[in-house]
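A.B. asks: I have a structure here, written as C-alpha cells, and I will follow up with some questions on it.
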Amino acid sequence: MIFFWAFVVGGIICVIGQILMDVFKLTPAHTLTTFVVFGAILDGLGLYEPLIDFAGAGATVPITSFGNSLVHGAMAEAEEHGLIGVVTGMFEVTSSGISAAIIFGVIGALLFKPKG
Amino acid sequence: MIIKKVIPISMILFFLIGCQATSMEQPNDEEPSYTKLSTQNEFDQQLSNQVKEYLKDNKDLTSVQAVNDEEKILITFEIPHMKRFKLADIRKELKKDIKEKFQIKKVEVSTDQKVILELDKLEEEIQDKSVNKNELKKELKRIIKLSKKQT
Amino acid sequence: MAKEKNQRKSPDETQYQAIQQEKEIKRPIIQNCIKAFFVGGLICLIGQVITTFYIYFFDFTEQTAGNPTVATIIFITMLLTGFGLYDKIGQFSGAGSAVPVTGFGNSVISSAIEHRTEGFILGVGANMFKLAGPVIVYGVFAAFVIAIIKTILMKWMGL
Amino acid sequence: MLLGKRTWNFPNKPVIISTGTVGGPLEKEGKIPDAFDVLYDENWLEQNSFEQAQQVLLEEAIDQAIKKSSIQEEQVEFFLGGDLINQITPTTFAINSKDFGYMGLFNACATSTEGLALAAHMVDSNAANFVLTGTSSHNAATERQYRYPTEYGSQKPPTAQWTVTGAGCALVAKQGTGPVITSATIGKVVDMGMTDPFNMGGAMAPAAVDTIMTHLKERNVPPSYYDLIITGDLGKVGREASLELLNQKGIHISQDKFIDCGLSIYKNDQPVLAGGSGAACSTVGIYGHFLQKIIKGKVNRILAVATGALHSPLTVQQKGTIPCIAHAVSIESGSGLS
C-alpha cells in the first residue's frame, strides 16, 4: 500500500511543479524554491508529518521535505534551547541531502566530463 | 530514445500494480491480529497480554504487538492505510488511554515499521523461550532507543 | 531612459506581441503533467523501495532511513548525470525529475561537473550551488521565520 | 556606394572565392551533412573545454577556406568575425597565431552577415584584397553561458532552439571564381519588448522583417527579385511570425522562397525543438548549403538575412527585453560561374 501511495502522492507533487513551470512560467530554480518554502509552511501548520505517515517516500523524496525537515530541526532545538535553538538546529535533520549532494558533486566532477 | 519507451511501459505497469493493490484492500471489520504470549516464562508477559486483550476491541488497529519488563511496556500497532493521516493522533491517544487504564508509568508506543519488525522478533523469541530475563530487558531497551532516534 | 522604456509599450510592440501570442508553439501542458506524474511518482516509488530495503536489512527506522535513502538516490543521480542521461530524462519529464531530491542533486552535480574546466576551487567549489543555492537559502530562511513564529506561539501564548 | 540610409551597393562585385564549414555530431546526422567540409563525431574535439573546442572549429574552418582557395594564407589581409562567448574569446584565440589584421565583431547570431557585409565593403572600396570572415558557435559552450550547465535536467519549451555546433568562413576577394556580393543592408536594433529567452525566434522576427523591408525599399527591388530569402535562425516560431508581419506590411513572399537556416540543418526527428540557432547556424547554412546552390546554378540570387538576439544572461535576469538585429547581404551568381 505504502508503495502505491508513495507513487501517487509523489506524482501529484510533481504535477503541481509542472503546472508552476508551464502555466506560471517559473524557472526550475523558482519552482524548487517555492516548493521548499511551501514545505516549511506546511510543516509549520503541522500538516507535513501526517503526509509522510501516509505516503512515505512520496512525501520525503520531493524537495518539499527539505523545508519540512529544516523546520523540524529548528523546532527540536528550540524546545531544548529556546529561540537560539531555531538558529542552531536548522541543519540537524536536513544535512544528509546537502552533504550527499556536495560529496557526490565533487566525486562527479572528478569522474565525469559533461557530455554536452 | 530507449528512455522514451521504457518510461511509459513502466508507468503503465506500476499503475496496474497500484490499482490492484487498492482493490485488494478490504474493509477492516476484523479484530487486530496479535500473539498471546506465554506467561509461563521466566519473564511475565501478563501485562502485555492484558493490553492486547484490551486493544482487541479497537477497530482502528489491524495488528498489535507488545512486550513488557517490570517497569515499562512497548506497544506497537498498525492501522489501515487510509487512516495513516491521523497516525500521530491515534498514537498519542492510545498511549494516554493505556497509561490511564493500566496505571503503568512508562508506556512507549511506536508505529515505526522497523520497531514493529524488531518487536515481532522479540515476541517470537519470548515464545521460543530463547531469551533470558536480562537479555529481554536489554533488547527492549535497545528497541525503545531505536524508536526514539530522530536522525 | 531605460526605466521609461520598460514602462510604456508602443502600439507596434503591443501589436507584435499579439501576433507572437498567436504564433507561439504552445507548451503541451496536459501531456507534460502526465509525464511529470509518472516519472515523479516512479522516482518516489524507487525512494520507497530503497527506504524499505534499509528498514528491513539494516538498523534503520522509518525516521532514520530517510537519510541513507536520500544519499542513495543522489548517488544514482550522480551516475545518471555523469553519463549524460539526466538532462534527457529532464527534457522528457519536466518537473517529474526536477521536484524530487534527485533534481536538487542533479543541479548541484551538473554545476560541479560543468565548471571543472575552471579548476576545483573556483570552478567546482564556487559554482556547485549556482542553481541549488536559492533552494537552501530560502528553505533555511523560511524555516527560520516559521520556527520563530511557532516557538513564540507555543512558549508565550501557550498554544 | 550608399543607397538610401542603410544599404551599400557594391559596384565592384566582391567575390566569395572560397568557404570553409565544419560541424559537430548532431549536424552530421542532420539534413545537410554535405554542406560541411569537416564533421566531427563528438563535442569535445579532444580539447579540455568546450570553449577550446569551439576555437578548434573556427581554426579548422579558416584552414579549409584557405585550402580550397587558390591563395596562400599570407595573402589574407584581414579577418572579421566573432562568436557568442564572453568577449568573443574563441575567435580571438583562433586568430591568435595568424598574421591577419583582426577586427572582432559581436552581433550575436547576425555576426555572419555583419562580417560578410563589412568584408565586401572593404574589398569593394579597395581597402583590402583578401578578407576572411567567419563565425563559430558550440552548443555546449553557448548553453552553459546563456542557460544552464549542459547536464542540468531542465525542460525546454517547444519554442526553444538548439545552438548549432560548427563554424564557417568565407574568403572575400576582388576577383576570382565564385558567387558575388552585390549589396548589403545594415540592420538597426529592433526591440518589440519580448522577454522570453526561450523564444528567440519570436523576438528576432521583427528585426528580420525591418531589415528585409529596408533592403527592398532602398534597393528598389520587389521580393520576387530574389530566388530565395534566407533568414538566419528564426526557427519555426520566428519564421511564421515574420511571414505574418511581412504580409501585414504588404510584402508578399511565397512560403517556399522564404527559407530559414535554422530549419534547414536538422531533420525533423532530431531533438532541436523549434530549430537551430547560434552564430554558426546562419554561417554554415549560407556559406555551406546555399552558396553551393548558387555555384551549382540551382538559384541565381539570394538575400541572406542573419538575425541576432543581443541580450545577455544578465539582462534577462534583470528583466530586460531582448533587443534584436538583422543584417542582409545579397549574393548572386557571378564571375566565372555558368
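A.B. asks: Do we have any residue at all in segment D:275-286 that's among the aliphatic types (A, V, I, L, M) and surrounded by fewer than 18 Cβ atoms within 10 Å (Cβ to Cβ)? Full working, then the answer.
C.D. replies: In the first step, residues of segment D:275-286 are kept if they are among the aliphatic types (A, V, I, L, M); the result is D:279-280, D:284, D:286.
Checking the rest, the ones that are also surrounded by fewer than 18 Cβ atoms within 10 Å (Cβ to Cβ) come to none.
The answer is no, given that none of the residues of segment D:275-286 is among the aliphatic types (A, V, I, L, M) and surrounded by fewer than 18 Cβ atoms within 10 Å (Cβ to Cβ).
A.B. asks: Would you be able to tell me the number of residues in segment A:88-101 that are facing chain C (nearest Cβ under 7 Å) and free of Cβ contacts under 8 Å to residues at least 24 places away in the same chain?
C.D. replies: Filtering segment A:88-101 for residues facing chain C (nearest Cβ under 7 Å) gives A:90, A:96-98, A:100-101.
Add one more test, that the residue is free of Cβ contacts under 8 Å to residues at least 24 places away in the same chain, and what stays is A:90, A:96, A:98, A:100-101.
Qualifying residue count, segment A:88-101: 5.
A.B. asks: Would you say A:Gly82 is surrounded by fewer than 22 Cβ atoms within 10 Å (Cβ to Cβ), more than 19 Å from C:Val70 (Cα to Cα) and more than 8 Å from chain C (Cβ to nearest Cβ)? Full working, then the answer.
C.D. replies: Values: surrounded by fewer than 22 Cβ atoms within 10 Å (Cβ to Cβ): yes; more than 19 Å from C:Val70 (Cα to Cα): yes; more than 8 Å from chain C (Cβ to nearest Cβ): no.
For A:Gly82, the condition - surrounded by fewer than 22 Cβ atoms within 10 Å (Cβ to Cβ), more than 19 Å from C:Val70 (Cα to Cα) and more than 8 Å from chain C (Cβ to nearest Cβ) - is not met.
A.B. asks: Taking segment D:72-99 only, how many residues are of a type in the set (Phe, Trp, Tyr) and surrounded by fewer than 19 Cβ atoms within 10 Å (Cβ to Cβ)?
C.D. replies: Kept after step one, since they are of a type in the set (Phe, Trp, Tyr), are these residues of segment D:72-99: D:78-79, D:93.
With surrounded by fewer than 19 Cβ atoms within 10 Å (Cβ to Cβ) added as a condition, the list becomes D:93.
Counting residues in segment D:72-99 that are of a type in the set (Phe, Trp, Tyr) and surrounded by fewer than 19 Cβ atoms within 10 Å (Cβ to Cβ) gives 1.
A.B. asks: Take the conditions away from chain D (no Cβ under 14 Å), part of a helix (DSSP H, G or I) and without any contact (Cβ under 8 Å) to a residue 60 or more places away in the chain and apply them to C:Thr72. Does it pass?
C.D. replies: Numbers: away from chain D (no Cβ under 14 Å): yes; part of a helix (DSSP H, G or I): yes; without any contact (Cβ under 8 Å) to a residue 60 or more places away in the chain: yes.
Judged against the criteria, C:Thr72 is a match.
A.B. asks: Spot the failing condition for C:Gly96; the list is (1) closer than 27 Å to A:Leu45 by Cα; (2) surrounded by 24 or more Cβ atoms within 10 Å (Cβ to Cβ); (3) within 16 Å of the chain's Cα centre (by Cα); (4) more than 7 Å from every other protein chain (Cβ to nearest Cβ), and only one is missed.
C.D. replies: Among (1) closer than 27 Å to A:Leu45 by Cα; (2) surrounded by 24 or more Cβ atoms within 10 Å (Cβ to Cβ); (3) within 16 Å of the chain's Cα centre (by Cα); (4) more than 7 Å from every other protein chain (Cβ to nearest Cβ), C:Gly96 violates only (4).
A.B. asks: Mind telling me which of the residues C:Ala126, C:Ala143, C:Ala132 ends up being within 28 Å of D:Tyr146 (Cα to Cα), within 21 Å of the chain's Cα centre (by Cα) and crowded, with 21+ Cβ neighbours inside 10 Å?
C.D. replies: C:Ala132
A.B. asks: Still on this model: Filter segment A:1-15 down to residues that are surrounded by 24 or more Cβ atoms within 10 Å (Cβ to Cβ) and under 19 Å from C:Ile29 (Cα atoms), then give me how many there are.
C.D. replies: Of the residues in segment A:1-15, the ones surrounded by 24 or more Cβ atoms within 10 Å (Cβ to Cβ) are A:5-7, A:10-11, A:13-14.
Next, from what is left, pick out any that are under 19 Å from C:Ile29 (Cα atoms): A:10-11, A:13-14.
Result for segment A:1-15: 4.
A.B. asks: Continuing with the same structure: All but one of (1) under 17 Å from the mean Cα position of the chain (by Cα); (2) more than 14 Å from chain C (Cβ to nearest Cβ); (3) of a type outside the set (Val, Ile, Thr); (4) crowded, with 24+ Cβ neighbours inside 10 Å hold for D:Met204; which doesn't?
C.D. replies: Of everything listed in (1) under 17 Å from the mean Cα position of the chain (by Cα); (2) more than 14 Å from chain C (Cβ to nearest Cβ); (3) of a type outside the set (Val, Ile, Thr); (4) crowded, with 24+ Cβ neighbours inside 10 Å, D:Met204 misses just condition (2).
A.B. asks: Please work out if D:Ile331 is out of contact with any Asp or Glu (no Cβ under 8 Å at 6 or more places or on another chain), assigned to a helix (DSSP H, G or I), in contact (Cβ under 8 Å) with a residue 24 or more places away in the chain and buried (at least 24 other Cβ atoms within 10 Å of the Cβ).
C.D. replies: Here the answer is no, as D:Ile331 does not meet what is asked.
Conditions (1) within 18 Å of the chain's Cα centre (by Cα); (2) not small (Gly, Ala, Ser), marked per residue:
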position	(1), (2)
D:Leu132	yes, yes
D:Ser137	yes, no
D:Gln145	no, yes
D:Gln155	no, yes
D:Trp162	yes, yes
D:Thr165	yes, yes
D:Gly176	no, no
D:Ile181	yes, yes
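A.B. asks: Just checking, which of C:Ile146, C:Ile113 is under 14 Å from A:Pro114 (Cβ atoms) and touching an Asp or Glu at 6+ places or on another chain (Cβ under 9 Å)?
C.D. replies: Values: C:Ile146 fails: under 14 Å from A:Pro114 (Cβ atoms).
Exactly one residue qualifies, and that residue is C:Ile113.
A.B. asks: Further question on the same structure: Please specify each residue of segment A:52-71 satisfying the condition of being surrounded by fewer than 24 Cβ atoms within 10 Å (Cβ to Cβ) and not aromatic (Phe, Trp, Tyr).
C.D. replies: Of all residues in segment A:52-71, those surrounded by fewer than 24 Cβ atoms within 10 Å (Cβ to Cβ) come to A:52-54.
Scanning segment A:52-71 gives A:Ile52, A:Asp53.
A.B. asks: Looking at segment C:28-45, can you tell me whether even one residue there is surrounded by fewer than 19 Cβ atoms within 10 Å (Cβ to Cβ), at the interface with another protein chain (Cβ under 7 Å from one of its Cβ atoms), in contact with an Asp or Glu (Cβ under 8 Å, 6 or more places away or on another chain) and more than 20 Å from B:Ile144 (Cα to Cα)? Steps first, answer last, please.
C.D. replies: So the first thing to find is which residues in segment C:28-45 are surrounded by fewer than 19 Cβ atoms within 10 Å (Cβ to Cβ), and the list is C:28-31, C:34.
Now drop any that are not at the interface with another protein chain (Cβ under 7 Å from one of its Cβ atoms), which leaves C:29.
With in contact with an Asp or Glu (Cβ under 8 Å, 6 or more places away or on another chain) added as a condition, the list becomes C:29.
So of that shortlist, the ones also more than 20 Å from B:Ile144 (Cα to Cα) come out as C:29.
Checked against the condition, which is being surrounded by fewer than 19 Cβ atoms within 10 Å (Cβ to Cβ), at the interface with another protein chain (Cβ under 7 Å from one of its Cβ atoms), in contact with an Asp or Glu (Cβ under 8 Å, 6 or more places away or on another chain) and more than 20 Å from B:Ile144 (Cα to Cα), segment C:28-45 yields at least one hit.
A.B. asks: Residues C:Ser111, C:Ser93: which one is within 16 Å of A:Phe104 (Cα to Cα) and in contact with a Lys or Arg (Cβ under 7 Å, 6 or more places away or on another chain)?
C.D. replies: On the way: C:Ser93 fails: within 16 Å of A:Phe104 (Cα to Cα).
Among C:Ser111, C:Ser93, only C:Ser111 is within 16 Å of A:Phe104 (Cα to Cα) and in contact with a Lys or Arg (Cβ under 7 Å, 6 or more places away or on another chain).
A.B. asks: Does segment D:1-33 hold any residues that are in a helix (DSSP H, G or I) and either touching a residue at least 40 places away in the same chain (Cβ under 8 Å) or hydrophobic (A, V, I, L, M, F, W, C) (or both), and which are they? Please lay out each step first, then the result.
C.D. replies: Filtering segment D:1-33 for residues in a helix (DSSP H, G or I) gives D:25-28, D:33.
If the condition is that a residue be in a helix (DSSP H, G or I) and either touching a residue at least 40 places away in the same chain (Cβ under 8 Å) or hydrophobic (A, V, I, L, M, F, W, C) (or both), then D:Pro25, D:Leu26, D:Glu27 are the ones that fit.
A.B. asks: Do we have A:Ala74 as farther than 26 Å from B:Lys83 by Cα, among the aliphatic types (A, V, I, L, M) and part of a helix (DSSP H, G or I) here? First the steps, then the outcome.
C.D. replies: Working: farther than 26 Å from B:Lys83 by Cα: yes; among the aliphatic types (A, V, I, L, M): yes; part of a helix (DSSP H, G or I): yes.
Yes, satisfied.
Listed here are the residues, each with its yes/no results for (1) buried (at least 24 other Cβ atoms within 10 Å of the Cβ); (2) within 14 Å of another protein chain (Cβ to nearest Cβ); (3) in a helix (DSSP H, G or I); (4) at positive phi.
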| site | (1), (2), (3), (4) |
| --- | --- |
| D:Ser112 | yes, no, yes, no |
| D:Gly115 | yes, no, yes, no |
| D:Met122 | no, no, yes, no |
| D:Leu132 | yes, no, no, no |
| D:Ser136 | yes, no, no, no |
| D:Tyr152 | yes, yes, no, no |
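A.B. asks: What number of residues in segment A:16-44 are more than 7 Å from chain C (Cβ to nearest Cβ), under 19 Å from A:Val86 (Cβ atoms) and surrounded by fewer than 24 Cβ atoms within 10 Å (Cβ to Cβ)?
C.D. replies: The number of residues fulfilling the criteria is 1.
A.B. asks: Suppose the filter is crowded, with 20+ Cβ neighbours inside 10 Å and in a helix (DSSP H, G or I); does C:Phe60 pass it?
C.D. replies: Working: crowded, with 20+ Cβ neighbours inside 10 Å: yes; in a helix (DSSP H, G or I): no.
For C:Phe60, the condition - crowded, with 20+ Cβ neighbours inside 10 Å and in a helix (DSSP H, G or I) - is not met.
A.B. asks: Also, I was wondering about something else. If you check A:Phe7 against the conditions, is it touching a residue at least 24 places away in the same chain (Cβ under 8 Å) and within 17 Å of C:Ala143 (Cα to Cα)?
C.D. replies: Working: touching a residue at least 24 places away in the same chain (Cβ under 8 Å): yes; within 17 Å of C:Ala143 (Cα to Cα): no.
Considered against the rule, which asks whether it is touching a residue at least 24 places away in the same chain (Cβ under 8 Å) and within 17 Å of C:Ala143 (Cα to Cα), A:Phe7 comes out as no.
A.B. asks: So, A:Ala6, is that one facing another protein chain (nearest Cβ under 7 Å), touching a Cys at 6+ places or on another chain (Cβ under 9 Å) and of a type in the set (A, V, I, L, M, F, W, C) or not?
C.D. replies: On the way: facing another protein chain (nearest Cβ under 7 Å): yes; touching a Cys at 6+ places or on another chain (Cβ under 9 Å): yes; of a type in the set (A, V, I, L, M, F, W, C): yes.
When the stated conditions are applied, A:Ala6 passes them.
A.B. asks: Could you pull out the residue among D:Ala141, D:Ala160, D:Ala127 that is closer than 28 Å to A:His30 by Cα, out of contact with any strand residue (DSSP E or B) (no Cβ under 6 Å at 6 or more places or on another chain) and not in a helix (DSSP H, G or I)?
C.D. replies: Working: D:Ala141 fails: not in a helix (DSSP H, G or I); D:Ala127 fails: closer than 28 Å to A:His30 by Cα.
Answer to the selection: D:Ala160.
A.B. asks: Restricting attention to segment A:107-116, report how many residues are assigned to a helix (DSSP H, G or I) and buried (at least 18 other Cβ atoms within 10 Å of the Cβ).
C.D. replies: The initial filter retains those residues of segment A:107-116 that are assigned to a helix (DSSP H, G or I), namely A:107-111.
This time we only want the ones that are buried (at least 18 other Cβ atoms within 10 Å of the Cβ), so: A:108-109.
Residues that pass the stated criteria total 2.
A.B. asks: Could you list, in sequence order, all residues of segment D:196-252 that are closer than 29 Å to D:Ala167 by Cβ, among the hydrophobic types (A, V, I, L, M, F, W, C) and not in a helix (DSSP H, G or I)?
C.D. replies: D:Phe198, D:Leu228, D:Ile229, D:Ile230, D:Leu234
A.B. asks: Please determine whether any residue of segment B:64-83 is assigned to a helix (DSSP H, G or I) and surrounded by 15 or more Cβ atoms within 10 Å (Cβ to Cβ).
C.D. replies: Quick first cut of segment B:64-83, residues assigned to a helix (DSSP H, G or I) only: B:81-83.
From what's left, surrounded by 15 or more Cβ atoms within 10 Å (Cβ to Cβ): B:81, B:83.
Yes.
For every residue, the table says whether it meets (1) within 11 Å of chain D (Cβ to nearest Cβ); (2) among the hydroxyl-bearing types (Ser, Thr, Tyr); (3) surrounded by 19 or more Cβ atoms within 10 Å (Cβ to Cβ).
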{"position": "C:Asn67", "(1), (2), (3)": "no, no, yes"}
{"position": "C:Gly103", "(1), (2), (3)": "yes, no, yes"}
{"position": "C:His115", "(1), (2), (3)": "yes, no, yes"}
{"position": "C:Phe120", "(1), (2), (3)": "no, no, no"}
{"position": "C:Val137", "(1), (2), (3)": "no, no, no"}
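No lab work stands behind these numbers, since they all come straight from the coordinates. What you see is a predicted model, and the numbers here were worked out from it, not measured in a lab. As a convention, Cβ positions derive from the backbone with ideal geometry for all residues, glycine included, and neighbour counts pool all protein chains shown.
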